[in-house]
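The values are calculated or read from the model by the stated rules, or taken from the named source; none is laboratory data. No experiment lies behind these values; they were computed from the predicted model shown. All Cβ positions, even for glycine, are placed from backbone atoms using ideal geometry, and neighbour counts span all protein chains on display.
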4 protein chains.
Amino acid sequence: MIAVLKENATEQQIRNLTEWFESQGVKVNRSQGDFVTILGLIGDTTKIDIDLLRGLDIVDNVMRITEPFKKANRKFHPEDSVIDVGGVKIGGGNFAVMAGPCSVESEEQIIETAKAVKEAGATLLRGGAYKPRTSPYDFQGLHEEGIRLLLKAKEITGLPIVSEIMSPEQLPVFEEVDCLQVGARNMQNFDLLKAIGKTQKPVLLKRGLSATIKELLMSAEYIMSEGNPNVILCERGIRTYETYTRNTFDVSAISVLKELTHLPVVGDPSHATGKASLIRPMSMAAVVSGADALEIEVHTAPEKALSDAAQQLKPDEFKGVMEAINKARSIL
Amino acid sequence: MIAVLKENATEQQIRNLTEWFESQGVKVNRSQGDFVTILGLIGDTTKIDIDLLRGLDIVDNVMRITEPFKKANRKFHPEDSVIDVGGVKIGGGNFAVMAGPCSVESEEQIIETAKAVKEAGATLLRGGAYKPRTSPYDFQGLHEEGIRLLLKAKEITGLPIVSEIMSPEQLPVFEEVDCLQVGARNMQNFDLLKAIGKTQKPVLLKRGLSATIKELLMSAEYIMSEGNPNVILCERGIRTYETYTRNTFDVSAISVLKELTHLPVVGDPSHATGKASLIRPMSMAAVVSGADALEIEVHTAPEKALSDAAQQLKPDEFKGVMEAINKARSIL
Amino acid sequence: MIAVLKENATEQQIRNLTEWFESQGVKVNRSQGDFVTILGLIGDTTKIDIDLLRGLDIVDNVMRITEPFKKANRKFHPEDSVIDVGGVKIGGGNFAVMAGPCSVESEEQIIETAKAVKEAGATLLRGGAYKPRTSPYDFQGLHEEGIRLLLKAKEITGLPIVSEIMSPEQLPVFEEVDCLQVGARNMQNFDLLKAIGKTQKPVLLKRGLSATIKELLMSAEYIMSEGNPNVILCERGIRTYETYTRNTFDVSAISVLKELTHLPVVGDPSHATGKASLIRPMSMAAVVSGADALEIEVHTAPEKALSDAAQQLKPDEFKGVMEAINKARSIL
Amino acid sequence: MIAVLKENATEQQIRNLTEWFESQGVKVNRSQGDFVTILGLIGDTTKIDIDLLRGLDIVDNVMRITEPFKKANRKFHPEDSVIDVGGVKIGGGNFAVMAGPCSVESEEQIIETAKAVKEAGATLLRGGAYKPRTSPYDFQGLHEEGIRLLLKAKEITGLPIVSEIMSPEQLPVFEEVDCLQVGARNMQNFDLLKAIGKTQKPVLLKRGLSATIKELLMSAEYIMSEGNPNVILCERGIRTYETYTRNTFDVSAISVLKELTHLPVVGDPSHATGKASLIRPMSMAAVVSGADALEIEVHTAPEKALSDAAQQLKPDEFKGVMEAINKARSIL
């Protein structure tokens, strides 16, 4: 960590600050320029609060040099991590597709969809039983019943299942779920991350709506530092000023994550764009950016009235997307 | 709710969609233009998923007309709500200042600070015992011990206390805390909101880093719909591209919230700006924008080394800020 | 256009507003619900100021139904436009790569680079002679001399040239330049757009730093409505809160633009990411998203000191990128 | 400027980079840590391209220490600049209010409005003759005729006038205009800035939609470095994800600008919020944040149909805003 002091910092202030750093177990290397004084901090600076430092009157700027994430860091773990999700491997060249409806709505719906996505080539079934909804008046999911139906669909199709967990108390209900999804809104629900960190369950950790790449990695670090190495990261669109797409799919974040961490990275074009017509090109874009897996919403429209008008892909459209994905995979 | 259909929607599709709406208990008013068909949806549209609708192939655009928040809505509750926090009233003309350190660090620190802020005119003591930190390696707070120290400071000074809660399991620890703070990162931790909604505790609900004004109101609605009307909203800066300040203080959101809701609104210039020199003007700006209270970080620097370099206001600076706040109050 | 009126709009106000619309030559279709009145505006609403309307006390919301861009609209011009840039076709299945240095620095540099990018497969040479720099103290380009050197490089290699124009007065200097680039900062410099619209020069119009997709199309419309149909659009990264990459490459905007307009679309991974290691994956991502061309920075580092440390691709790295681009092209 | 090199930088690379810096006239101070090498660059680093440096393979991070703006910098010019706009002083304790319609529409409209705003206390008349509109099909202003009408209104009321200029060719038309406004879309139209810099006209420079505070100052520097010191800065709202207000009024930017520069700073609540009801609180917020002037849209609705429904303030509402502004001024 480097602290650049302001021109008007007095000798006494600099000495006080230096002593305080040393009391935190950090060695200080002072470099005096004509106009500025630079303090290089050597040692374990993870305990130093960078915001506190930035706010000090005599400090002009502070810059971290070593990345604050350790266990997720590719520097210290150069080989790709391979996560086993109910027998399906993700990462290190193993590519997976998680497909299924946004919400589990009925037994018929989830089983039909599971069969359809399996046939089209999906390797995992995704479906929401607990739905984080902006409004308390919106449908919140089938809860335990939804998990039960997912397990039934797994039994029938053999597809491991991925479903979103919203609080530590739900862990017992998720015991047989193969992969816990932590949604964007909970990416910094640290108590949930720590609780999941105490299990060995694979986790699909989604990037928060306005989380930086480094914050996503720090949230992975919360899970890993508790002992659970099975973290899969997911780029699912960030919030920007553009309103044409639901979010802005930060495809380059996938490539950046592949550089910075050994953890597998998933792209979620469905939530990122909110438009069925963009799933195909954005799935391919995620693949060529280095994604280890994709998460795609697919449903068999049980309600005839909506059947030809759905945002989520219908199974036959999903087949076309799978072909495009396979083509994109073929050139890497 | 209004759905504008695309030019190429067939009569059959429109009829299917209309039937589906009706099956959801919503009356449909069709208006046929030369190029577009507009469906006006009348009745309880809260159950209609606007994102699903937007994704339909035949739908061009969807617009909500009635606001989806009910209990927080000023339309249905025109008078200001007044929330009683341990005997201190907030809202409806009652102005409060919550002051104190970011984290409770020691008995001496919190008691000294409590005395100092009380003397300067603060009416509530704020201090963190559970700290949501981006890094798992950063100081996470004193936990139960921190709450114990806050209660001691309350006993000595008489100031009601405000402290951040991070998960439902912590509720028993917060039994004597006068006001539960829900931090920006947990604004959409719906399970936490629901659990707090089942108590009657005053809640200080902070706007998420990239939450819209309406999303903040919907999160208040989560708490209120469970039975707890004692919600206080807080604008604490939003994440934008500007990096000079830590966040961008959306002062106009305070005025907007005062129009849209009867709930009290708090401004937090400390987190919004991250710069001590901006606390004074931004406190005044929040007051003239209609804020019912302010939350300001103040500490008595126990570590001599940092004593003249702190971001958080020192007690004597806070006195100056209180004077400015009172002046701003005087002209309303 | 649809205007939704507030519940409290009086009959007199609604009648006044209706008359005003009619005086603007627009037919009004009124639809009365229980709580809201909706005015459907039929006819040429392009002259109606949507911001003015939104600000009216009795108006709750306004929604445009027909897109305000006409000449750029794929609805009215379903086939892809093919733009001829000095003999190189772009669009309608014709793929091009514009490569070259950020700035023209010397004759040796631009000629060497031109030869190298041509050999690697680039079909156009790009290079800046007029540089829009944030600071007036930064290098502003070689100006006329830079254009002269580009033309020399064209003469030797046969590559048509693309270079940025910053004001209408520079048009005579650009007479022999094959394609005028309008930079992100000038995307809404309407006087420049109109002046270029009066020529028949191909234009590479870059999306502004925080321009929406629709605003980009409206800027194209400025050029086209003056009579110049030869507009090529360019996604070059948007400004978001993420700081790891220089901007956020909005890859999905390429796919969206291909849906909305018949104009060719270019992806610029160099400016979007600011990182050499991301050029390869982001070039592929742009191609599979439907880009008709790419613009990539390449230079032969004339200064030995910087030769092994450059952000811009070196010619041999660019060769690798071209191979990846060709692979991505092969699967479409 | 400080460059932090990556751990894997070789001795040869560091020496090459050092020599290159020295060839640019910059002294290099090398500081060797255990893991990183830091190069402190001393001397005139304004010519060093920070983006180029950041892109170098061996460079981890670069940080500017001295601000790149000189003439606008309060460090080198501690006293407030006072700009004389047609006899009205702005800055250094001199407060002004610029009021008037968005566009000049007719002689009657502008003269009536001018009289009304003068009576209410405005000290300058603003009105647009050249309007930058997103769509080429929208009303673009009355041009020369609009300027002529503004001058007539000035003659009658004595109010100096402020009007937006869009390109250097318009300078002759603006010869008698007291203050040239450069709009948000043209904040980085560097050719326009340079042309204005060659005059001595007061300039109202508006912050770009997504411009940082430092970029605004650098644009001021463009004007000042050409010889024109009469620059007035204007915060008019930035583009964020929030859509309830037209833009987000970055009130704290006013306070920050007052710290960083000696130039006067104006707040424009009309464009920032787009809502008449927010003008009053946001005007007060801007004043207590340190604004030296306000720019507010006011019109006398000539079209009876729109007269009771306008976004822009009507003269009698503006009177109320002026009272609030004066109250806010009284407590500073």
Taking B:Ser135 and the conditions (1) in contact (Cβ under 8 Å) with a residue 40 or more places away in the chain; (2) more than 26 Å from B:Asp84 (Cβ to Cβ); (3) small (Gly, Ala, Ser), which numbered condition does it fall short on, given that it satisfies the others? (1)
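Within segment C:322-330, does at least one residue satisfy the condition of being at pLDDT below 90, at negative phi and part of a helix (DSSP H, G or I)?
Of the residues in segment C:322-330, the ones at pLDDT below 90 are none.
Checked segment C:322-330: no residue is at pLDDT below 90, at negative phi and part of a helix (DSSP H, G or I).
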Can you find a residue in segment A:187-200 that is at positive phi and touching a Ser or Thr at 6+ places or on another chain (Cβ under 9 Å)? no
Per-region count, segment D:257-274, residues within 7 Å of another protein chain (Cβ to nearest Cβ) and surrounded by fewer than 24 Cβ atoms within 10 Å (Cβ to Cβ): 2
Taking A:Arg15 as meeting all but one of (1) more than 29 Å from B:His271 (Cβ to Cβ); (2) at pLDDT 80 or above; (3) part of a strand (DSSP E or B), write down the number of the exception. (3)
Taking segment D:278-290 and keeping residues in a helix (DSSP H, G or I), touching a Ser or Thr at 6+ places or on another chain (Cβ under 8 Å) and facing chain B (nearest Cβ under 8 Å) leaves D:Leu278, D:Pro281, D:Met282, D:Met284, D:Ala285
Please count how many residues of segment D:157-169 are closer than 21 Å to D:Glu295 by Cβ and either buried (at least 21 other Cβ atoms within 10 Å of the Cβ) or touching a Cys at 6+ places or on another chain (Cβ under 8 Å) (or both). 8
Being touching a Gly at 6+ places or on another chain (Cβ under 9 Å) and without any contact (Cβ under 8 Å) to a residue 40 or more places away in the chain is the filter; apply it to segment A:50-67 and report the residue that is surrounded by the most Cβ atoms within 10 Å (Cβ to Cβ). A:Gly55
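Somewhere in segment D:143-160, is a residue facing chain C (nearest Cβ under 8 Å) and either polar (S, T, N, Q) or touching a strand residue (DSSP E or B) at 6+ places or on another chain (Cβ under 9 Å) (or both)? Write out each step before concluding.
Here is the first cut: in segment D:143-160, the ones facing chain C (nearest Cβ under 8 Å) are none.
No, segment D:143-160 contains no residue that is facing chain C (nearest Cβ under 8 Å) and either polar (S, T, N, Q) or touching a strand residue (DSSP E or B) at 6+ places or on another chain (Cβ under 9 Å) (or both).
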Name the residue that is nearest to C:Leu233 (Cα to Cα), counting only residues in segment C:68-77 that are buried (at least 17 other Cβ atoms within 10 Å of the Cβ) and more than 9 Å from every other protein chain (Cβ to nearest Cβ). C:Ala72
Tell me yes or no: at least one residue of segment C:28-49 is among the hydrophobic types (A, V, I, L, M, F, W, C) and either under 26 Å from C:Pro264 (Cα atoms) or assigned to a helix (DSSP H, G or I) (or both). no
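Per-residue answers, yes or no, for (1) without any contact (Cβ under 8 Å) to a residue 40 or more places away in the chain; (2) under 20 Å from D:Ile83 (Cβ atoms):
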site	(1), (2)
D:Leu142	yes, no
D:Ile161	no, yes
D:Lys214	no, no
D:Val231	no, yes
Checked pairs for segment B:183-196, first not assigned by TED's automatic domain parsing to the domain that holds B:Cys234 and crowded, with 24+ Cβ neighbours inside 10 Å, second at pLDDT 95 or above and not small (Gly, Ala, Ser), C-beta under 9 Å and 6 or more apart or across chains, list as none
Among the residues that make up segment A:302-317, is at least one of them modelled with pLDDT of 95 or more, assigned by TED's automatic domain parsing to the domain that holds A:Ala116 and among the acidic types (Asp, Glu)? no
Please verify whether segment B:140-163 includes one or more residues that are within 30 Å of A:Ile50 (Cβ to Cβ), modelled with pLDDT of 95 or more, within 23 Å of the chain's Cα centre (by Cα) and hydroxyl-bearing (Ser, Thr, Tyr). yes
Just name the residue that is farthest from the other protein chains (Cβ to nearest Cβ) out of those in segment C:232-244 that are surrounded by 22 or more Cβ atoms within 10 Å (Cβ to Cβ) and touching a Ser or Thr at 6+ places or on another chain (Cβ under 8 Å). C:Leu233
Quick test of your reading of the structure: C:Pro78 fulfils all but one of (1) modelled with pLDDT of 90 or more; (2) touching a Lys or Arg at 6+ places or on another chain (Cβ under 8 Å); (3) more than 30 Å from C:Gly146 (Cα to Cα). Name the failing condition by number. (2)
For residues that are within 25 Å of the chain's Cα centre (by Cα) and part of a loop (DSSP other than H, G, I, E, B), tally how many sit in segment D:50-72. 9
Is there a residue in segment D:2-19 that is among the β-branched types (Val, Ile, Thr), crowded, with 18+ Cβ neighbours inside 10 Å and in contact with an Asp or Glu (Cβ under 6 Å, 6 or more places away or on another chain)? yes
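Looking only at residues in segment A:29-49 that are within 17 Å of D:Thr37 (Cβ to Cβ) and more than 9 Å from every other protein chain (Cβ to nearest Cβ), which one is surrounded by the fewest Cβ atoms within 10 Å (Cβ to Cβ)?
Step one: list which residues in segment A:29-49 are within 17 Å of D:Thr37 (Cβ to Cβ), which gives A:29-31, A:33, A:38-42.
In the following step, the residues that additionally are more than 9 Å from every other protein chain (Cβ to nearest Cβ) were identified as A:30, A:39, A:41.
Working: A:Arg30: 13, A:Leu39: 21, A:Leu41: 23.
Selected residue: A:Arg30.
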If we ask which residues in segment C:91-113 are touching a residue at least 60 places away in the same chain (Cβ under 8 Å) and either farther than 30 Å from C:Ser289 by Cβ or of a type in the set (D, E, K, R) (or both), their number turns out to be 5
